[in-house]
Amino acid sequence: MTTAPAAPVKRAHLVLLTLLGAASAAWSFVLLRAQNAPESVCTEGGGCASLWTAPFALSVQRLTSVPVSGWGLVWGLAATGLGLAALVRARRGPTDAIVTSLRLLSAAGLLGVFVLVGVIVAERTFCPPCAGAHALVLAHAGVALFAWRRLGLARPGPGAALAAASLLWAYLAVVFTAGRVAESALPSAAKPDATADATLREFVEKMPPTDRQSLADALGRMRRGPALTLPPPRSLRGPATAPVRFTEFTDVRCSHCAELHQVWQQLEQALAPGSFSVESRFYPLDGACNAAIRSPARDPVRCLAPRVQICREKDPGASALTGALFAEQRTLTPERVSELAGGDRAALEACVASEDTRSKLEGDVALANQYDPEGTPLVLVNGRLGSAQPPFLYAMVLARGSPDHPAFSVLPPANPNAHIH
């Protein structure tokens with residue numbers, strides 16, 4: 001609604017809006033720098049990475065050359081500039097147009113928050129640092145839209161032009177300066193990699209038709225499936241700052257799980273150091289330690305082995321122990337599991353029987369059950385449901401965890417009813 005020229009606004013309100021804009025710009029810049037290294041601002045990492053690689057976020061980045069977090073910076077810079085202009089203008093004369101521009105800009109920010117919240121709900125994830133940025137925009141709207149609601153929109157034409165001009169200069173500043181600074185601050189493994197992109201395009205183009213369809217199906221399920229914030233890893237193979245974090249859930253008797261263990265070694269040899277990390281968790285297919293398994297058959301090795309692995313997961317030889325267990329998976333006995341673990345037998349038995357170990361294994365099972373597993377291995381990519389197929393894993397590392405990398409555009413449509421291993 002357009003109103004007559006309004007009474008002067010409180011200077012304290014203008015100062016507060018300027019500070020909120022500056023805080024929003026500063027925090028959004030931190031998020032922009034962390035775009036490809038979510039662990040630097042989000043302890044769990046998965047929720048932030050899942051949101052920043054969601055189809056909506058990637059589409060915004062491709063269309064505007066600015067990531068979603070970069071648009072927070074654009075808005076914050078524009079809000080700071082208009083706030084400072086209003087403070088200066090308030091000393092010289094009417095502030096109607098600038099007040100209107102601040103209100104329109106605040107409304108645009110509020111609309112953006114609503115859209116992003118919708119994306120968060122659709123992705124079934126949560127990014128705590130992003131929530132902080134949203135809170136700053138909501139606080140700005142609390143003043144500009146609600147505390148000033150009686151001011152209306154005096155001089156809407158000039159006000160809209162000022163708001164648009166502020167967003168334009170801020171956008172250009174982010175595109176040509178802040179984006180480069182953010183990229184230079186990223187770890188080398190997380191930076192956009194032209195070589196990896198070219199390798200991925202060539203890899204996808206040369207895939208046989210059946211493999212292309214399998215990759216398309218796995219990517220389709222990844223986009224449709226849940227994207228959860230993962231708990232901090234108990235142990236990690238590879239750097240915590242890697243852009244791709246695989247989380248595997250295995251069963252010691254599972255032959256495909258044994259194959260996956262070998263695949264990790266092959267990927268480490270084929271891909272750049274630091275380009276991915278692997279977190280090992282467990283999903284024993286035995287009702288004695290996994291309530292989701294209804295089979296009356298009991299195999300004590302299936303529950304004992306993951307408990308032993310949990311007790312040894314901090315040891316330098318943890319991966320070798322896993323390999324040894326898989327190598328003998330068909331003939332393993334409880335006694336042999338303990339022999340392969342080595343070390344002080346009494347201490348190992350105490351750890352295996354401890355409440356802490358039981359709780360960790362239950363936590364693994366509960367986490368896996370959130371993805372409705374059909375069996376093992378279950379593989380997550382930055383908190384999103386993936387596949388254990390080697391081509392998929394290789395492609396995900398080259399795509400830096402994004403199921404919407406442009407190289408995948410040549411794939412056939414995904415079959416939502418496909419069975420994916």
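Here are some notes:
- Average accessible surface for the chain: 45 Å² per residue, computed with a 1.4 Å probe over protein heavy atoms with every protein chain in place.
- Surface share of carbon and sulfur [accessible, 1.4 angstrom probe, percent] for the stretch 269-324: 57 percent
- The chain, relative contact order [Cα under 8 Å, separation at least 6], %: 22 percent
- Peptide ranges 361-368, 17-24, 130-137 listed from the most packed, as the mean C-beta count within 10 angstrom indicates: 17-24, 130-137, 361-368
- The share of C-alpha pairs in the stretch 319-421 whose separation exceeds 16 Å stands at 73 percent.
- Here is the list for the stretch 198-256: trypsin sites (Lys or Arg not before Pro) lying in DSSP coil, each with at most 13 other C-beta atoms within 10 angstrom of its C-beta, are Lys206.
- For the chain, convex hull volume per residue from C-alpha positions, Å³: 166 Å³
- Checking every one of the trypsin sites (Lys or Arg not before Pro) in the stretch 62-113 against DSSP loop status and a limit of 10 other Cβ atoms within 10 Å picks out Arg91, Arg92.
- Relative contact order computed over the stretch 289-421 (Cα-Cα under 8 Å; 6+ residues apart), in percent: 21 percent
- Helix 194-205 axis, angle to the chain major axis (alpha carbon atoms, nearest 10°): 60 degrees
- Relative contact order [Cα under 8 Å, 6+ residues apart], the stretch 280-319, whole percent: 30 percent
- Potential extension, Ala366-Asp344 segment - 0.36 nm per residue separation minus Cα distance: 4.9 nm
- The calculated FRET efficiency for Ala198 paired with Leu87, based on their beta-carbon distance and R0 = 56 Å, is about 0.65.
- Against the main long axis of the alpha-carbon atoms of the chain, helix 68-90 sits at an angle near 20°.
- Among Ser214, Ser295, Ser255, residue whose mean-square fluctuation peaks in a GNM of the chain (springs only between Cα atoms under 10 Å): Ser295
- Inter-label distance for Arg224 and Ser295, nm, one decimal - labels placed 7 Å from Cα along Cα-to-Cβ: 2.7 nm
The values are calculated or read from the model by the stated rules, or taken from the named source; none is laboratory data. Since the structure is predicted, the reported quantities are computational estimates derived from the model, not experimental observations. Neighbour counts are summed over all protein chains in view; Cβ atoms, including those assigned to glycine, are modelled from backbone coordinates with ideal geometry. Remember, those area values only see protein heavy atoms, side chains included, never the ligands or the DNA or RNA. Shrake-Rupley method; radii C 1.70, N 1.55, O 1.52, S 1.80 Å.
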